Amino acid sequence: MGLCFKLLFVAAIVLFNADGSQAQTLKVGFYSKTCPNVETIVRNTTASFLSRAPTLAAPLLRMHFHDCFVRGCDGSVLLNSTQNSQAEKAAIPNLSLRGFQVIDAVKDAVEKVCPGVVSCADILALVARDSVNLIKGPFWQVPTGRRDGRVSLLSEALANLPPPFFNITQLKTAWQQKGLSVKDLAVLSGGHTIGNAHCPGFSNRLYNFTGQGDTDPSMDLNYIVQLRRKCKPGDTTTIVELDPGSFRTFDTSYYNFIAKRRGLLQSDAALLNDKVTKAYLDSQLNSPSPSFFKDFGVSMVKMGKIGVLTSNAGEIRKHCAVVN
């Protein structure tokens, strides 16, 4: 019995370490004693912005994604560049991020009640959840307890953020490197049910897909005609809805457009090229009660645990844009 117990104990330690012990310390209600009203403060402050500008929901959700895919969910995407180093904000994929003023306002509101307690990384995770829920999307419990990182590098953003022209193989690899499944890829891509994209993110599909002045053969021809009217060659400023007619409401219509070969980005259209992602897409189209809302919350919680700093690692920033 003694030997069996020791073997089980060792196995438990191995499994604990394999799962990433830091992520295991996140928990729902982490601030229940130190800042019990934090989630109410976050939601009310976020709602005050979204009531005036509901289109901020998409960039706030995207900001959390961009944070977690670079150095883990440590708030590094919020840091400003310094004289000695260009931060993630300065990387091309992040130049179109919006909503930093929301995070700053939420942080200020929380600091007034609970100074030095709640991390910017946790605030970003909560704001992303509330932004989705406030525009008729799902609600999920957010495990908290993240701490803020002190490093933010432009080069790491370029190396880790999947670009809009990735094919399905590249997307699956990028997700799996972060501990996310192929199903998570299909689910989290559904976040494109809200928001917009600038023409350069997809114009190659309209004018020069293979370098021969051609179009992407996987895209619906009528949709190409529509997009060419909006995005002329060289246009860098025009924005186009990712989910036409429904880009302000969190729903399943994104998957309908993908099925009709009207996914705006190449990475959207790529969901049709894998049996797992396509099966998930089909399941949302053909079900009287799609599972997308529930699935999205599950995948967001999973993503929110990537590479987190906990315990004594990192710090609790006083201001989200600068280290203490």
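Exactly one residue out of ASN80, ASN133 is surrounded by fewer than 24 Cβ atoms within 10 Å (Cβ to Cβ) and under 17 Å from the mean Cα position of the chain (by Cα): that is ASN133. Among the criteria (1) in a loop (DSSP other than H, G, I, E, B); (2) modelled with pLDDT under 95, the one PHE30 does not fulfil is (2).
If you check LYS294 against the conditions, is it basic (Lys, Arg), in contact with a Leu (Cβ under 8 Å, 6 or more places away or on another chain) and either under 20 Å from VAL28 (Cα atoms) or crowded, with 17+ Cβ neighbours inside 10 Å (or both)? Spelling it out, it is not the case that LYS294 is basic (Lys, Arg), in contact with a Leu (Cβ under 8 Å, 6 or more places away or on another chain) and either under 20 Å from VAL28 (Cα atoms) or crowded, with 17+ Cβ neighbours inside 10 Å (or both). For segment 282-291, check the following and say yes or no: at least one residue is assigned to a loop (DSSP other than H, G, I, E, B) and within 14 Å of THR193 (Cα to Cα). No: zero hits. Residue count for segment 210-224, restricted to those that are aromatic (Phe, Trp, Tyr) and assigned to a loop (DSSP other than H, G, I, E, B): 0.
If I ask for residues that are closer than 17 Å to ILE168 by Cα and touching a residue at least 12 places away in the same chain (Cβ under 8 Å), which ones from segment 192-217 would you list? Listed by number, the residues that qualify are HIS192, GLY201, PHE202, ARG205, ASP216.
Considering LYS260, LYS302, the condition of being more than 28 Å from VAL142 (Cα to Cα), in contact (Cβ under 8 Å) with a residue 40 or more places away in the chain and among the charged types (D, E, K, R) is satisfied by LYS260 alone. Only one entry in ASP268, ASP251 is outside any helix (DSSP H, G or I), closer than 25 Å to ILE135 by Cα, among the charged types (D, E, K, R) and within 18 Å of the chain's Cα centre (by Cα), namely ASP251. Checked against the criterion of being touching a residue at least 40 places away in the same chain (Cβ under 8 Å) and under 21 Å from the mean Cα position of the chain (by Cα), segment 229-240 has at least one qualifying residue.
From the list VAL308, VAL276, VAL323, VAL240, the one residue that fits, being under 22 Å from GLY99 (Cβ atoms), open to solvent by 20 Å² or more (accessible area, probe 1.4 Å) and not acidic (Asp, Glu), is VAL323. Only one of the listed residues (GLN141, GLN101) is part of a helix (DSSP H, G or I) and either open to solvent by 10 Å² or more (accessible area, probe 1.4 Å) or of a type in the set (Gly, Ala, Ser) (or both). That residue is GLN101.
The values are calculated or read from the model by the stated rules, or taken from the named source; none is laboratory data. Here the structure is a predicted model, which is why all the values come from computation and not from measurement. Positions of Cβ are backbone-derived with ideal geometry, glycine not excepted, and every protein chain shown enters the neighbour counts. We work out accessible area using only protein heavy atoms, side chains counted, and drop any ligands, DNA or RNA first. Shrake-Rupley method; radii C 1.70, N 1.55, O 1.52, S 1.80 Å.
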